[in-house]
Amino acid sequence: MGKPENSGHSRWLQSQLDADKVAIHDIARIVSVHKGRYVVNNGRVEVFAELLGNFFYSANSAVDLPTTGDWVYADFYDDDTHAIIHGVIPRKTLLKRKTAGKLVDFQLIAANIDVAFILQSADYNFNPRRLERYLVMVNESGITPVILLSKCDLIPQNEVEKITEGILAVAPQVTVRAFSNLSGENVDVIKASLLHGQTYCLLGSSGVGKTTLLNNLLGNAQFETQSVSKKQSKGRHTTTSRELTRLENGAMLIDTPGMRELGNMSVDAGIDETFSEILNLSRNCQFGNCSHINEKGCAILSAIADGELSAQRYKNYIKMKKESAFNEMSYADKRKKDKDFGKLIKSVIKSKKR
Ligand SMILES: Nc1nc2c(ncn2[C@@H]2O[C@H](COP(=O)(O)OP(=O)(O)O)[C@@H](O)[C@H]2O)c(=O)[nH]1
Ligand SMILES: [Mg+2]
Ligand SMILES: [Zn+2]
C-alpha cells in the first residue's frame, strides 16, 4: 500500500480539508495560546502567529477562535519566522467549560482531543462529585475519558482498591488506573497506552501531579521530541497555560492548569451519558414529565429509597441539570442582547452614512 500524498496528517484530518484552501495555505496546529497570540507548528517550524484581522472580526463567539490543539490554515512569512492564521479546520472534538465567575460564555480548553485523562489524587483530593463534573464535560465533547488516581504511594494498597471500586461505581464504563509518579507504579502502563497520532490531555485540580506525569512520560526523550527543537521554539518557554507536547512515539499531550471552578452550560448530553443509569431509571417513572423531585411513582426516587442509587449522586445529577439549563438560558439571553446591540450599531452607522 502506498502512502497517501501529504501523509503525516491523519485520514480524519485529510477528510476535513478544503482543497481550495490547501492550495494556498499551509496546515498547522496550534501549540499554545498567549493572550491573542498563538504558537503554531506546521511540521517544519514552530513560530508565533497572529489571526488574520478579518477572521477576528467575523468571529461570533469565543468558540469560533482557535485554541490549543486546533488545526488551522496559516501562511508562513519571512523564512518561516512568523505566521498568519486564516481559518480553523473543523474540529473533531472541542473541550470547553463555562467561564469562571459571573460571565456567561464558553472558555475553550483544547480542541481535537481523543482521550482525556482525569486525575484525582489518592490522598485529600479524591472526590466523586467533582469527578462526575469532569466526566460530564469530557463526555459532552465526545472525548474518551480515562480516570487516573495519582499519588497512590501515599496510601496503603487496600485503600487504593477501595477508591478504585468507588470510582467504578460512578463510572462503570471508564478505564481507571492508579499510579504513582514517585514510585513509578503504572506509569509505564499509561505510557504504553499512548498511541501515535492521537491527542491526549491531562485534567484535574492543581497539585494532583499532571505536570510531573507529563515529565515522566517525556522521560529523557525530551530533546528528541520533534516540536521542541530549541532553535525553533521561540515562544516555548514563556509561561503558558496549555501547551501541546509531542512524545517520542508521536502521541500528543496537552497539560492544563488546574481549574478551580468547573461550570457547566449546555451539557445535557454529557450529563445523560455520565449518569446513564439515572436516565435508564427515568424511563420507568409513572409520569412522562416526571421531574424526579417529589412525584409519585418516580423510579429514581424509589431506587434511592431502596438503596440502589446513591442520594449524593442523584443530588449532583439534579444540580448539574439545573445549572446547565440555567446557564444555557442566560447565554441565549446574552447572545440575543449582543446581536441586538450589533444591529443597533449597524443601523447607527448606516444612518450616519445617509
Ligand atoms: N507523593 C507523591 N507526590 C507527587 C506525585 N506526583 C506529583 N507529586 C507532587 O505533587 C506536587 C504537585 O505536582 P504537579 O505535577 O506540579 O501537579 P499539577 O498541578 O497537577 O501539575 C509536586 O510537589 C509533586 O512533586 C506522586 O505520584 N506521589
Ligand atoms: Mg501543572
Ligand atoms: Zn421520576
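The residue pairs whose first member lies in region 202-215 and is closer than 16 Å to Lys191 by Cβ and near ligand 1 (Cβ under 7 Å from one of its atoms), whose second member is part of a loop (DSSP other than H, G, I, E, B) and at pLDDT 90 or above, and whose beta carbons are closer than 8 Å, counting only pairs six or more residues apart or on different chains, are Gly209/Lys151; Gly209/Asn181; Lys210/Gly204; Thr212/Asn181; Leu213/Phe179; Leu213/Asn181.
Considering region 268-309, the residues that are hydrophobic (A, V, I, L, M, F, W, C) and part of a loop (DSSP other than H, G, I, E, B) include one that is farthest from ligand 3 (Cβ to nearest atom), namely Phe275.
Okay, residues lined up against (1) farther than 30 Å from Arg44 by Cβ; (2) in contact with a Cys (Cβ under 6 Å, 6 or more places away or on another chain); (3) modelled with pLDDT under 95:
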position: Phe106; (1), (2), (3): yes, no, yes
position: Phe126; (1), (2), (3): yes, no, yes
position: Met137; (1), (2), (3): yes, no, no
position: Pro145; (1), (2), (3): yes, no, no
position: Asp153; (1), (2), (3): yes, no, no
position: Gln173; (1), (2), (3): yes, no, yes
position: Ala178; (1), (2), (3): yes, yes, no
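From the list Met320, Met329, the one residue that fits, being part of a helix (DSSP H, G or I) and modelled with pLDDT under 90, is Met329. Does region 195-216 include one or more residues that are closer than 21 Å to Pro128 by Cα, in a helix (DSSP H, G or I) and either assigned by TED's automatic domain parsing to the domain that holds Lys35 or at pLDDT 90 or above (or both)? Looking for residues that are closer than 21 Å to Pro128 by Cα, in a helix (DSSP H, G or I) and either assigned by TED's automatic domain parsing to the domain that holds Lys35 or at pLDDT 90 or above (or both), one finds at least one in region 195-216, hence yes. Among the criteria (1) over 15 Å from Leu244 (Cβ atoms); (2) assigned by TED's automatic domain parsing to the domain that holds Leu168; (3) free of Cβ contacts under 8 Å to residues at least 60 places away in the same chain, the one Asn139 does not fulfil is (3).
Hey, can you tell me all the residues within region 99-157 that are outside any loop (DSSP other than H, G, I, E, B), within 27 Å of Leu182 (Cα to Cα), among the β-branched types (Val, Ile, Thr) and more than 16 Å from ligand 2 (Cβ to nearest atom)? It would help to see each step written out before you state the result.
Our first condition is that a residue be outside any loop (DSSP other than H, G, I, E, B); within region 99-157, this holds for 106-111, 115-121, 128-140, 144-150, 152-154, 157.
Next, from what is left, pick out any that are within 27 Å of Leu182 (Cα to Cα): 115-121, 128-132, 134-135, 144-150, 152-154, 157.
The next check asks that each one be among the β-branched types (Val, Ile, Thr); those that pass are 115, 118, 144, 146-147.
Answer for region 99-157, where residues must be outside any loop (DSSP other than H, G, I, E, B), within 27 Å of Leu182 (Cα to Cα), among the β-branched types (Val, Ile, Thr) and more than 16 Å from ligand 2 (Cβ to nearest atom): Val115, Thr144, Val146, Ile147.
Close Cβ contacts (under 9 Å, 6 or more residues apart or on different chains) running from residues in region 107-120 that are on the phi > 0 side of the Ramachandran plot and surrounded by fewer than 24 Cβ atoms within 10 Å (Cβ to Cβ) to residues that are modelled with pLDDT under 95 and of a type outside the set (Val, Ile, Thr) are absent.
Flag: Ala169 matches the condition of being exposed (fewer than 15 other Cβ atoms within 10 Å of the Cβ) and either more than 12 Å from ligand 1 (Cβ to nearest atom) or closer than 20 Å to Thr93 by Cα (or both).
The strands (runs of 3 or more DSSP E) falling completely within region 14-87 that include 1 or more residues that are among the acidic types (Asp, Glu) map to 26-34, 46-51, 71-77. When we screen Leu253, Leu279, Leu301 for residues that are under 30 Å from Leu218 (Cβ atoms) and of a type in the set (A, V, I, L, M, F, W, C), the only hit is Leu253. Of all the residues in region 172-201, those that are in contact (Cβ under 8 Å) with a residue 40 or more places away in the chain and within 14 Å of ligand 1 (Cβ to nearest atom) number 3. Taken as a whole, region 254-267 holds at least one residue that is out of contact with any Gly (no Cβ under 8 Å at 6 or more places or on another chain), within 16 Å of ligand 1 (Cβ to nearest atom) and at pLDDT 90 or above. No other residue among Ala59, Ala100 is surrounded by fewer than 20 Cβ atoms within 10 Å (Cβ to Cβ), modelled with pLDDT under 95 and touching a Leu at 6+ places or on another chain (Cβ under 7 Å) apart from Ala59.
The values are calculated or read from the model by the stated rules, or taken from the named source; none is laboratory data. What you see is a predicted model, and the numbers here were worked out from it, not measured in a lab. Heads up, the Cβs are rebuilt from the backbone with ideal geometry, glycines too, and the neighbour counts pull from every protein chain shown.
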